[in-house]
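Peer 1: Let me give you the structure first, and then I'll get to my questions.
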Amino acid sequence: MHARTHPDPALDFDEYVRRRHDALLRSARSLVRDPLDAQDLLQTALLRTYGRWDDIVDKQLADAYVRRVMINTRTEWWRAQKLQELPIEQFPDAPVGDCAEQQVHRALLMDILRVLAPQQRSVVVLRHWEQMTTEETATALGMAPGTVKSTLHRALARLRQELQRRDPDSASTSAAGRGCPPAGRRAR
């Protein structure tokens with residue numbers, strides 16, 4: 001009888017990272033504004049996940065685990081900064097490419113997301129940006145599905161209020177105001 005050999009967990013993890021890197025980086029980019037910070041966030045989350053890789057029994061839940069680690073890490077960074085954000089009257093000019101209107105809306109959305117508490121932002125990002133179900137979001141954030149729903153409701157109301165405050169004309173036609181998913185994403 002031949003002894004059963006277990007696959008090398010390091011190779012298993014490497015394969016996981018190769019397959020899921022781009023999707024996880026998009027998640028990181030939705031949690032932090034700066035692209036370099038997003039890469040740092042993902043690398044930190046992957047390093048922490050690698051140390052616990054054998055503890056993840058169901059590898060199909062690895063994305064949720066990594067996203068949760070990213071959210072926790074981002075929160076740690078946010079708490080460590082202890083910086084106060086000062087509101088400004090006008091936004092700085094940003095370069096605009098071919099899809100000018102879409103980029104302006106995206107920049108406004110990213111800026112408006114800053115008014116949310118970290119937990120609210122995480123729920124909005126996972127539900128509407130990552131298109132996760134309520135149950136998937138609850139699992140990723142370690143909260144009850146009902147808490148996800150109520151947090152999302154309050155967060156969207158706050159986003160609508162902030163959008164209305166900043167631009168009264170666009171609030172009625174905004175995707176954020178209607179709860180529409182970002183362009184190019186499929187709804188679940």
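Laboratory data are not the source of any read-out in this text; all were calculated from the coordinates shown. Being a predicted model, the structure only gives us computed values, none of them experimental. Note that each Cβ is placed from the backbone with ideal geometry, even for glycine, and that neighbours are counted across all protein chains shown.
Peer 1: Report the local net charge at ARG52: Lys and Arg +1, Asp and Glu -1, summed over other residues whose C-beta lies under 15 Å from its C-beta.
Peer 2: Counting the neighbours of ARG52, the net charge comes to -1.
Peer 1: Sticking with the crude label model, points 7 Å out along Cα→Cβ, report the distance from LYS59 to ARG26 in nm, one decimal please.
Peer 2: The two pseudo-label positions are separated by 2.2 nm.
Peer 1: Another question, if that's okay. In whole Hz, with x marking every Gly and Pro, tabulate ³J(HN,Hα) for segment 34-43 from phi via Karplus 6.51 cos²θ - 1.76 cosθ + 1.60, θ = phi - 60°.
Peer 2: Listing the rounded values in order: 7, x, 5, 5, 5, 5, 4, 4, 5, 4 Hz.
Peer 1: Among residues other than THR73 whose Cβ falls under 13 Å from its Cβ, what is the net charge (Lys/Arg +1, Asp/Glu -1)?
Peer 2: Summing Lys/Arg as +1 and Asp/Glu as -1 gives +2.
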